[in-house]
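**Student:** Mind looking over this structure? Questions follow.
The values are calculated or read from the model by the stated rules, or taken from the named source; none is laboratory data. From a predicted model like this one, the values you see are computed outputs, not experimental measurements. Glycine also receives a Cβ, built like all others from the backbone with ideal geometry; neighbour counts cover every protein chain displayed.
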Amino acid sequence: MVRSRNLIVFAALNGALAVLTGAFAAHGAGPAVKTLLTTGAHYQLAHAVMALVCAVWPVRSRLVLVAGWLAASGGLVFSAALSLIGLGGLTIMGAIAPVGGLLMISGWILLAIAGFRSQNIKT
């Protein structure tokens, strides 16, 4: 099994940040901010898990590693943009959130391509 230590560390820290954001949303944020923080934390955590899966993918694949980095980075960008909108009132970050979304979508598409191309995965 091939492992990417850097991606594992990035994904794990991303996951920890997502849990912190979600906890703050549940216990410290006002109702207007809660939804933004919860949504950002949800996407960030889901894509941190995806990145971990990519980091330990059973077949060495640059495509899978790129997919993992795109997913984790996209989750972070998306969550940070929503957090800055909610907590800082920086509505301009509404233009940045879709960038995170595109990164996450790109990660999923690359992972699908890698899965389709893989000869070592049973169907």
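**Student:** Would you say VAL56 is surrounded by fewer than 17 Cβ atoms within 10 Å (Cβ to Cβ), at pLDDT 95 or above and of a type in the set (A, V, I, L, M)?
**Tutor:** no
**Student:** Let me ask something else. If I filter region 11-29 down to residues being in contact with a Gly (Cβ under 9 Å, 6 or more places away or on another chain) and more than 24 Å from CYS54 (Cα to Cα), which single residue comes out as surrounded by the most Cβ atoms within 10 Å (Cβ to Cβ)?
**Tutor:** ALA25
**Student:** Pick from ARG3, ARG62: which is among the charged types (D, E, K, R) and free of Cβ contacts under 8 Å to residues at least 12 places away in the same chain?
**Tutor:** ARG62 is the lone residue from the list that is among the charged types (D, E, K, R) and free of Cβ contacts under 8 Å to residues at least 12 places away in the same chain.
**Student:** Now a separate question. Quick check on this structure: which one of LEU84, LEU110 is assigned to a helix (DSSP H, G or I), at pLDDT 95 or above, over 23 Å from ASN6 (Cβ atoms) and in contact with a Leu (Cβ under 7 Å, 6 or more places away or on another chain)?
**Tutor:** Of LEU84, LEU110, the one residue that is assigned to a helix (DSSP H, G or I), at pLDDT 95 or above, over 23 Å from ASN6 (Cβ atoms) and in contact with a Leu (Cβ under 7 Å, 6 or more places away or on another chain) is LEU84.
**Student:** Counting only residues that are surrounded by 22 or more Cβ atoms within 10 Å (Cβ to Cβ) and hydrophobic (A, V, I, L, M, F, W, C), which one in region 78-103 is farthest from SER61 (Cα to Cα)?
**Tutor:** Out of the qualifying residues, it is LEU82.
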